[in-house]
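Working notes for the structure below.
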């Protein structure tokens, strides 16, 4: 087990197997847009209550509004921001309790440059309407970073766990779920998800699979630093290399970067 796990420390986003690839793409996009605009970005993080993404973005100088329905998560966000080595981090982050559906009441049209919606769209009753609301608050040329759960990985995971009936339900149900005990109310297929994004007025710029291998390797497969670095590099190659489109379809989640023109 790594020293970070033993001590209970939060791993760096750059090295966290669950988030490093997504963070790298968001970080690079934010840096490019900052250069393009000549100023830090105005960022909306929907459902990012604990600050895992908001704090690093604020540490880079961006202003971040976090909208999350969970007050406990927002309290964790404030604590994480206060622990930052950059004392200005807390002043760059605003926390508001709310949901995707409440965005029109929280923000004006065209108010932000980047919206991060990671692990939230699958929880909404109206994904299409939620994406339209996101498009409304984005300035022209602004970007959406979307991470959403996918169906096929859940099918494979249910089969590997020996739950064949549940796998059949995930594969055939309209929502991509296996029933009332499923922790998610919805999973997406890649192409219909991309259609939803396009229909909301976005031009998709890139897609990549999230945790393609990290969720299925044995628990002790990345116990050493060498093994963990190798697995992380494999994830990066799978997400951005020549086979990225194929592998993205079997990933537990899909990361979409899209621009509002």
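Where a number appears in this text, it was derived from the coordinates with a stated rule and is not lab data. Bear in mind that the values here come from a model prediction, so they are computed numbers and not experimental data. Cβ coordinates were reconstructed from backbone atoms using ideal geometry, including for glycine residues, and neighbour counts include every protein chain displayed.
Things to note:
- Pair residue 157, residue 180: separation of 7 Å Cα→Cβ label points (nm): 2.2
- Once the Cα-Cα distance is subtracted from the 0.36 nm per residue extended length, the residue 172 to residue 237 segment shows a gain of 20.3 nm.
- Remark: spin-label model distance residue 96-residue 227 equals 4.6 nm, labels positioned 7 Å along the Cα→Cβ axis.
- Here region 219-260 is scanned for amide nitrogen atoms under 13 Å from the site 7 Å beyond the Cα of residue 28 along Cα-to-Cβ, giving 236-242, 257.
- Taking 0.36 nm per residue of sequence separation and removing the Cα-Cα distance, the residue 15/residue 82 pair yields an extension gain of 21.9 nm.
- Relative contact order of the chain, pairs being alpha-carbon contacts under 8 Å that are 6 or more residues apart, as %: 19
- Segments 33-44, 201-212, 50-61 sorted - mean Cβ within 10 Å per residue, highest first: 50-61, 201-212, 33-44
- You can think of it this way: the chain between residue 72 and residue 108 has 10.3 nm of extra reach, that is 0.36 nm per residue less the Cα-Cα gap.
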